[in-house]
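Working notes, beginning with the structure itself.
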Amino acid sequence: MHCADVYYLCPNCPGNSPEYIRVINRKGIAMSTRILLLLAFVVASPASADSYKCRGPKGEVVISDTGCYGNTSTESVRSSEYISPERARQAREASTRNQAQLQGIENENAAYRQAQEIKAGQVQAQPVAQATAPAPITDSDAYRNCVRDVERQPASQSVKAEMIAACRTSGLVQRSSGISGDAVTNCVRDVERTAASGKEKARQLATCHGGDVKPEPPPPPKPQPSTITSCDRGGCWDNVGNRYNSGGGNTMFRNDGKTCQKVGNTLNCN
């Protein structure tokens, strides 16, 4: 927004040259409607109309067709004064330019006020948004929440101790990865709804909180059936040198005490 000096040409003012009236517009202050109407009347008045030039106490100039009021001095403008066609044309052109300029100033003022109102609304909304934002969770709170959820599970004490130790990284992981409290809560709720074992739930819950849960070791390989290589009246031998004593029918007992079943040429032990 810029300050602008708008000049109105007064074709009815006395003298050999047109007299201009200056109106100053400053940022954020719209032109008065009454002033605009008065100035439009001045520049649009016909050459033959009677007009009065009024000077106020501070020397300001006001043009009126009804005389002056209050603490003002009146100078009558003779209606018989000749105004040349050139001066009348200049007055009309100046009036058109100034009307457009005033309209532009009013548009700028309206845009400025609207921007100020929007800015004020944003400033007022900011504290509300800050007040509703959840406070960041601390590392100690994250650890306590992780331990609480692990201890609720029906797992062995050794499993719980392992998961509680893993919970020590909860706060660090949540801060570094940007995991929100809502995300942790949703993960915990989803795990507790499953039909997993207590051990598996404890591991998954610690992971939800950001615990450093180590992967479980793979299960030992399933023993392969032994192949019978030779037999006698009391039992058989397999391909790795184990002895199997006959127990009746297809049941045989390995030398380490395990019970095995003979299926064709193989032995399956439990």
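The values are calculated or read from the model by the stated rules, or taken from the named source; none is laboratory data. None of the values given here were measured: they were computed from a predicted structure. Ideal geometry is used to build each Cβ from the backbone, glycine not excepted, and the neighbour counts take in all protein chains shown.
Kindly evaluate residue 191 against the criterion of being assigned to a loop (DSSP other than H, G, I, E, B) and under 18 Å from residue 151 (Cα atoms). No, not satisfied. Restricted to segment 220-270, the set of strands (runs of 3 or more DSSP E) holding at least 2 residues that are without any contact (Cβ under 8 Å) to a residue 40 or more places away in the chain comprises 226-231, 235-238, 243-246, 251-254, 259-263. Among the residues of segment 228-238, those that are touching a strand residue (DSSP E or B) at 6+ places or on another chain (Cβ under 9 Å), loosely packed, with under 15 Cβ neighbours inside 10 Å and over 14 Å from residue 264 (Cβ atoms) comprise 230, 233, 234.
Among residues of segment 195-211 that are at negative phi, those with a Cβ under 6 angstrom from a residue that is charged (D, E, K, R), sequence gap 6+ or separate chain, pair up as 205/149.
Please tell me if residue 147 is outside the structural domain of residue 254 (by TED's automatic domain parsing), among the aliphatic types (A, V, I, L, M), touching a residue at least 24 places away in the same chain (Cβ under 8 Å) and in a helix (DSSP H, G or I). Against the criterion (outside the structural domain of residue 254 (by TED's automatic domain parsing), among the aliphatic types (A, V, I, L, M), touching a residue at least 24 places away in the same chain (Cβ under 8 Å) and in a helix (DSSP H, G or I)), residue 147 does not qualify.
Filtering segment 137-158 to residues that are over 12 Å from residue 199 (Cα atoms) and surrounded by 11 or more Cβ atoms within 10 Å (Cβ to Cβ) leaves 137, 138, 139, 141, 142, 143, 144, 145, 146, 147, 148, 149.
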